[in-house]
Amino acid sequence: MAAMARSDPADHRGLAARVLCGLVAGALYVAIDSWFDTRFQYGPSLRLHALALVHRVIDFVLPLVAGALSGLAVHYLRLRAAVAAAERERADELHGHLHKVERDQAVWVIAASLLHEVRTPIHALGLLLDEIDALPAAAEAERAALMERARAQSDRLLAHLGALKSLPAARRPELPRLDLGALVGRFARDAARLGDPDPIRIVATPEPGVAACANATYVQIILENLVENSVDALRARGGPGSIAIEVAREGDRAVVRVRDDGPGLEAEAAAALFEPLHSTKARGLGIGLAIARALARAMQGDLVLEQSAPATFRLELGIEIEIESEVTT
């Protein structure tokens, strides 16, 4: 109803009245000028025919034209004001609509993020429980080992949820000095079982002594997302495959590269790779890489696609923490 009652900024119904007002003003000026011409006669030099004609044009025509143009100018100014008001109203309506869309989208992104990050640990927990349930009663040592792995998966699940919870306040997270080579080496050994039963090798080649100011849980989640995507790509292709994780220092940055020997990424998929809710997988949520990049940037680093074929991701982290200065008054 409000949209129907909105006035049309291109409404010209007042144009004729404003022009008429201008003409009346011009005619009033002509009448006053004629009265002064009659009361105060000009000298003989102005009675020449040519000059008299010019004088009449100036006295009778120009005031009327000026009055009409003044009416047009007033109408134009009012029209501009109406158009500006209408545009402001439309902008306010659009802002309100976009705010609602963004709020709804944010709810879905949060839900998708939670689903993505808890899916793998919960699946692993289910598999471990199945193995424990299938053990004979006498296999106490094996049962204890599986229970320990189940607890590790539970801790991993809590760490993932804690990382997501901390993201909104992660402008200045705790970034202790972290031995990237040791972390990547442990991760590669633990993640090697992701390739089973497929013949997929996960190999880490860390450069010794490379450290960065980083959060270990954040780096772990980033690596899990990258390796899981590589494993999915290699399984979709079929046959053997390998994933290489390299650690090196380049200038003032510590760099972790994750590369697989799969088919690579098409240009269209690479362009939208880090967009939330965009996925090239039939059953993918399209949130893993967006989370990984957000975690990298929260650590004052970045995550980029360095090469499309073979697919190579580059995680770079700072050697030293960059402190943002605050201006206090």
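With a Förster radius of 25 Å, plug the Cβ-Cβ distance of Val304 and Ala182 into 1/(1 + (r/R0)^6) and report the FRET value to the nearest 0.05.
It comes to 0.55.
For the pair Leu20 and Val83, what calculated FRET efficiency results from E = 1/(1 + (r/R0)^6), where r is the Cβ-Cβ distance and R0 = 30 Å, to the nearest 0.05?
Working: r = 23 Å, r/R0 = 0.77.
The pair Val83/Leu20 has a calculated efficiency of 0.80.
Modelling each spin label as a point 7 Å along the Cα-to-Cβ direction, I'd like the Arg90/Glu207 distance in nm, to one decimal.
5.5
Can you tell me the length gained on complete extension of the stretch Ala270 to Glu174, counting 0.36 nm per residue apart and subtracting the Cα distance? Please report the intermediate quantities before stating the final value.
On the way: separation 96, 0.36 × 96 = 34.56 nm, distance 3.16 nm.
So the extension gain works out to 31.4 nm.
Give me the tail of P(r) for the range 201-310 as a percent: Cα-Cα pairs with distance above 25 Å.
20
Between Ser154 and Leu72, what is the label-point separation in nm under the 7 Å Cα-to-beta-carbon projection?
In this crude label model, Leu72 to Ser154 measures out at 8.5 nm.
All of the numbers you see were taken from the coordinates with simple rules; none came from a lab. Since the structure is predicted, the reported quantities are computational estimates derived from the model, not experimental observations. In this analysis, Cβ positions are derived from the backbone assuming ideal geometry, glycine residues included, and neighbour counts consider all displayed protein chains.
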